[in-house]
1. For a quick check, take a GNM of the chain with Cα springs below 10 Å and name the residue from 52, 99, 81 with the largest mean-square fluctuation.
2. How far apart, in nm, are the 7 Å Cα→Cβ label points at residue 169 and residue 111?
3. Mean-square fluctuation check for the chain, GNM, Cα pairs under 10 Å: which of 65, 95, 82 is largest?
4. I'd like the antiparallel share, as a percent to the nearest 5, of DSSP beta bridges with both residues in the chain.
5. So, in Å, what gap is there between the alpha-carbon centers of region 30-46 and region 153-205?
6. Estimate the FRET efficiency between residue 178 and residue 61 by the formula 1/(1 + (r/R0)^6), using the beta-carbon distance for r and 30 Å for R0, to the nearest 0.05.
7. Please find the FRET efficiency linking residue 133 to residue 214, where r is the Cβ-Cβ separation and R0 is fixed at 30 Å, and quote it to the nearest 0.05.
8. Read through the labelled values [x] 17.6, 52; [y] 24.1, 70; [z] 20.3, 64 and report the label of the one computed as Rg and Dmax of the Cα atoms in Å from the structure.
């Protein structure tokens, strides 16, 4: 994790389009883990899923995570939504790549899947028209077993905080305090829902880009401990 921390906290690697970046807090959280479980509420298949799997390989290979759960959709709402079969297909594709490094990564992840360190699961709730605070009790209890849940995507952000006209400087920590574990949101902004900003950030963004909430040019890495 130390190597990861050195890389992700390098100012040269920071992107100006990331309006909130809690990477340092997330690295500190993961560094404190012992025999832990990390969960991912997955969004899209394709390149995004490949990127997720690269991160998961790092977490498992470095023993930053003992086990990783991937929560996938039972059926797609959008054509790109990731399902269990997409993970199997992607791992098979990676494991048969001509590049030795990519091939080794794919084969490693397949072994983690076989050994039970990588677990794929789906639930009808992930495609239901409900906020996360309305998730079934059993699913909430399952997520409470996790040290950290990564939540991917703009739609899931809206389900997490509620699809309301929040003041953009509302307290993110308080709004999502109901969630049963620590969480990290990875999101590209595509909707008019945003919380957790300071007023000067809001003013700067409005000055730079009048459509910053919806044009997909801005992103965030937002953590709740």
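1. 99
2. 5.3
3. 95
4. 25
5. Computed from Cα coordinates, the inter-centre distance equals 20 Å.
6. 0.35
7. Result of the calculation: an efficiency of 0.80.
8. [x]
Bear in mind that the values in this text are calculations on the coordinates, not laboratory data. Everything numeric in this text was worked out from a predicted model, so none of it was measured. Cβ coordinates were reconstructed from backbone atoms using ideal geometry, including for glycine residues, and neighbour counts include every protein chain displayed.
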